[in-house]
C-alpha cells in the first residue's frame, strides 16, 4: 500500500521512539500493554527483545528503536508494548513492538499524508507509508507488514513456534 492508495480518512495510533513520532493504522493494532518482563530468546536478532506470555500465547516482542538504528528502549513509566497483527506468508502473526510512549488515536485525511521521502537508493524506506502532518507535527506512518524483512519474519515465526513447543 502506498500513499496513493490511501483514499479515505484513516485512524492511526501515534507513538514515540526517542523524540520521533510514528503512526500505525489502528486496524493493525490489537491492544496496548504495560511493559512487562520479556523472556530473552538466545541467538535472535538484537532488535528481538524476547517473548511475552499473552493470555497463554507466545508473543515475540521487537524493539523498533534497535531496528531503526537507535539506542535500545529503556523501561520507564510510559514504556509500553503495542500488540499488532501482521501477515506472514499469508498467515496472521501477532507481534509486540516496544514504544517509549503511546500518544493518541487520530483521524487523518488523505491530503494530510505525503509520500515518504526518497533518501538515495541504498536506504529502504518501503516500510514508510508516508509522512503525516497533524497539529503542525510530522510523523512517519509505518506499514507494519513491511518493517521486517521476509527472512526476519520467518525467524520470528520460528522463535514463536519453538517457544510455544518448549513453553
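Among the residues making up segment 4-48, those that are free of Cβ contacts under 8 Å to residues at least 12 places away in the same chain and under 18 Å from residue 66 (Cβ atoms) are 19, 40, 42, 43. You will find that of 87, 94, 83, the residue that is assigned to a strand (DSSP E or B) and either modelled with pLDDT of 95 or more or crowded, with 20+ Cβ neighbours inside 10 Å (or both) is 83 and no other.
Does any residue of segment 98-109 turn out to be exposed (fewer than 12 other Cβ atoms within 10 Å of the Cβ), modelled with pLDDT of 90 or more and part of a strand (DSSP E or B)? Yes.
The values are calculated or read from the model by the stated rules, or taken from the named source; none is laboratory data. Since the structure is predicted, the reported quantities are computational estimates derived from the model, not experimental observations. Cβ: placed from backbone, ideal geometry, glycine included. Neighbour counts: every protein chain shown.
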